[in-house]
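These notes concern the structure reproduced below.
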Amino acid sequence: MWKRYGLFCTAIMLATVFAAFMPIISAGSSGGNFNTIAAHKGGLQKVLIGQNLEFDGFRTPVVVYRVVSGDVANTYPAQEKDGRYFCYNVNWPTAGAFFVNYNATTENGEAQLSVGDPIIPLTIKVGSATVAGVMVGTTAIRVDTAGINLFDEDVVDLVINGPAGQISQDAKNQQFTGITVAELKEYGTTDGLKIGGWKVGEYTFQVKTVSGQACGLEDESVVKNLNIGEIPAEPTAAPVATPAAKVEVTPLKSTLVVTPTPVPTSVPTPVPTVMPSPSVAPVPVSPPVPTPTPATPCFEFMCAVVGLVVAVCLILRRG
């Protein structure tokens with residue numbers, strides 16, 4: 001029994017000794033100058049254009065193969081330095097399959113790589129809305145970097161420039177420079193970046209990698225602007241000026257027009273001249289017969305009255 005116990009302890013001690021001398025392989029980024037590629041890790045290992053690579057655990061020499069449609073299109077030998085192998089500033093095509101120490105017979109290698117371009121998106125939001133300005137009193141914004149494909153351990157600067165210059169750390173102890181990508185992502189969560197108390201004015205935001213702590217990658221996002229104090233109005237088209245019609249004014253000249261008064265002139269009336277006909281004797285003209293003027297009713301009445309008076313007088317006389 002004691003013999004078995006001793007053999008068990010000896011095995012544990014030997015395993016401990018061997019483990020102490022075995023290299024520890026850590027793939028990916030550790031916040032340093034290299035993206036570590038590990039042998040026989042399994043799965044795809046991410047490589048971004050512009051990174052530096054370090055190869056751990058591979059047989060030597062280390063060569064990266066680019067395979068397109070089953071054929072080797074390119075080979076990229078790693079550089080050896082002090083028994084370690086590196087690739088600097090990766091600038092390979094992104095199309096195709098990439099293998100470390102490719103075996104054409106097995107169509108596989110000691111590691112397979114996924115090569116792509118770095119992506120560093122940046123959007124300033126309040127809630128889910130993208131904004132270019134916020135009113136005074138807004139307490140927080142979101143620095144949204146959703147879709148960023150750097151390693152979480154890579155170190156970046158969130159470069160914020162305001163009215164007083166660059167802000168590396170604000171009064172709320174929010175750190176913006178020398179932070180990991182994982183910490184940068186926290187500013188993209190709801191109410192991620194507190195801006196209560198920030199001065200009114202124009203601010204710019206940009207993400208930049210710290211090359212020596214981001215696998216050697218030098219890259220940056222676009223610059224985003226934020227106005228604190230007023231919401232910028234939508235640009236409107238300037239009204240097109242219509243040229244005023246040119247009116248020419250001709251001065252009026254006052255001219256006195258005198259109309260002569262017509263003077264009446266006597267025009268002699270022509271007297272018709274009757275020419276006697278030599279063949280016709282003159283016909284004597286009879287004098288006009290006077291037409292009796294009809295008696296008026298008043299005259300007749302007077303005659304009747306006079307006759308009545310005479311009749312009365314004769315009767316009185318006889319009697």
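Values for this structure:
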{"read-out": "Selection status of Leu158, part of a strand (DSSP E or B) and over 25 Å from the mean Cα position of the chain (by Cα)", "value": "yes"}
{"read-out": "Where a residue in region 149-161 is under 19 Å from Val115 (Cα atoms) and touching a residue at least 24 places away in the same chain (Cβ under 8 Å) and its partner, wherever it lies, is among the β-branched types (Val, Ile, Thr) and in a strand (DSSP E or B), with Cβ under 7 Å and at least six apart", "value": "Asp152/Thr180; Glu153/Thr180; Asp154/Thr180; Asp154/Thr209"}
{"read-out": "Hits in region 194-212 (condition: open to solvent by 40 Å² or more (accessible area, probe 1.4 Å), outside any loop (DSSP other than H, G, I, E, B) and touching a residue at least 60 places away in the same chain (Cβ under 8 Å))", "value": "Gly212"}
{"read-out": "Residue within region 20-42 that is part of a helix (DSSP H, G or I), at pLDDT below 95, out of contact with any Ser or Thr (no Cβ under 9 Å at 6 or more places or on another chain) and open to solvent by less than 90 Å² (accessible area, probe 1.4 Å) present", "value": "yes"}
{"read-out": "Complete set of residues in region 173-188 that are in a loop (DSSP other than H, G, I, E, B), surrounded by 12 or more Cβ atoms within 10 Å (Cβ to Cβ) and either of a type in the set (A, V, I, L, M, F, W, C) or at pLDDT below 95 (or both)", "value": "Phe176"}
{"read-out": "Filtered residue count, region 68-80, keeping only those that are farther than 23 Å from Lys41 by Cα and either open to solvent by 60 Å² or more (accessible area, probe 1.4 Å) or under 43 Å from the mean Cα position of the chain (by Cα) (or both)", "value": "2"}
{"read-out": "Some residue of region 107-120 being more than 28 Å from Asn89 (Cβ to Cβ), open to solvent by 60 Å² or more (accessible area, probe 1.4 Å) and free of Cβ contacts under 8 Å to residues at least 24 places away in the same chain", "value": "no"}
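Quick grid of which residues meet (1) among the aliphatic types (A, V, I, L, M); (2) loosely packed, with under 14 Cβ neighbours inside 10 Å:
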{"site": "Thr130", "(1), (2)": "no, yes"}
{"site": "Val136", "(1), (2)": "yes, yes"}
{"site": "Asp152", "(1), (2)": "no, no"}
{"site": "Asn161", "(1), (2)": "no, no"}
{"site": "Ile167", "(1), (2)": "yes, no"}
{"site": "Asp170", "(1), (2)": "no, no"}
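The values are calculated or read from the model by the stated rules, or taken from the named source; none is laboratory data. Small disclaimer: the values here were computed from a predicted structure and weren't measured. Note: ideal-geometry Cβ built from the backbone for every residue, glycine included; neighbour counts use all protein chains shown. We work out accessible area using only protein heavy atoms, side chains counted, and drop any ligands, DNA or RNA first. Shrake-Rupley method; radii C 1.70, N 1.55, O 1.52, S 1.80 Å.
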